[in-house]
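Written out below as structure tokens is the structure these notes cover.
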Amino acid sequence: MRVKICGITNIPDALASTDAGADALGFIFAPSSPRFLKVDAAAAIIRELPPFIARVGVFVDPTAQFVHETVAKCGLSAVQLHGNETPEFCAALPGLTIKAFRISRREDLYQIRSYSTRAWLLDSHVAGQMGGTGKRFDWELALEVKEWGSPIILAGGLTPENVAEAVTRVQPYAVDVSSGVESSPGKKDITKVRAFITAAKEAASSRR
């Protein structure tokens, strides 16, 4: 079980999250997000990270040029796309690409199989918000998507209190959390981060 702590905005939160056992950190390059980082700020945090931590850039309807430049400047491990990017746009990007989908009903699943990205991230649909909503969707829909064969990253309303249930029921490739482990937007509560990671990984281990 892999755990991504998303919406990192500062070095202390980044290092504390990796010390707590996070496998990946997410850096948001969408100006509409309260967790938005400029590229230079993200690069400064990433330079301080220990080796083998995945560094994921989160974008919303970016240009291909901006993605390429940001990947190069920050040394990103993966690109996560949260907007209305087309399958063709995603396929043309270099390296490991994750497409996020906002789910509220079964009809939202129909588009997913058009995307041949390395993984699909399933998040909750909240009007006017592209992610970090703190809202949960029906995990039975995630189980349907899992049957299609690509790795599933589960997000949307996960907290230290419910992540074990999510891992047990869905058995995703990874879980992704932002607002569920924050004291305020962009500021992590490290006690919650530790509890979240412990709960997720213990639930995964118990199913082996």
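Every number here is computed from the coordinates shown, using simple stated rules; none is lab data. Small disclaimer: the values here were computed from a predicted structure and weren't measured. Reconstructed Cβ throughout: ideal geometry from the backbone, glycine too, with neighbour counts over all protein chains shown.
Extending 7 Å from Cα along the Cβ direction at GLU165 and again at GLU48 yields two label points whose distance is 3.6 nm.
For the pair THR63 and SER114, label points projected 7 Å from Cα toward Cβ lie 2.5 nm apart. Using all pairs of distinct alpha-carbon atoms, the Kirkwood hydrodynamic radius of the stretch 21-68 works out to 11.6 angstrom. Largest first and in whole Å, the equivalent-ellipsoid semi-axes of the chain read 23, 22, 15, each the square root of five times a Cα gyration tensor eigenvalue.
P(r) for the stretch 42-103, from all Cα pairs and a bin width of 10 Å, is 21, 54, 22, 3 %, short bins first.
Based on DSSP H segments of at least four residues, each scored -39500 (n - 2.57), the chain has a per-residue ellipticity at 222 nm of -9500 deg cm²/dmol. Comparing THR168, PRO94, PRO151 along the charge dipole axis of the stretch 82-208, the residue lying farthest to the positive side is THR168, per the Cβ-charge model.
Here is the tail figure for the stretch 134-208: Cα pairs spaced more than 14 Å apart come to 58 percent of all pairs.
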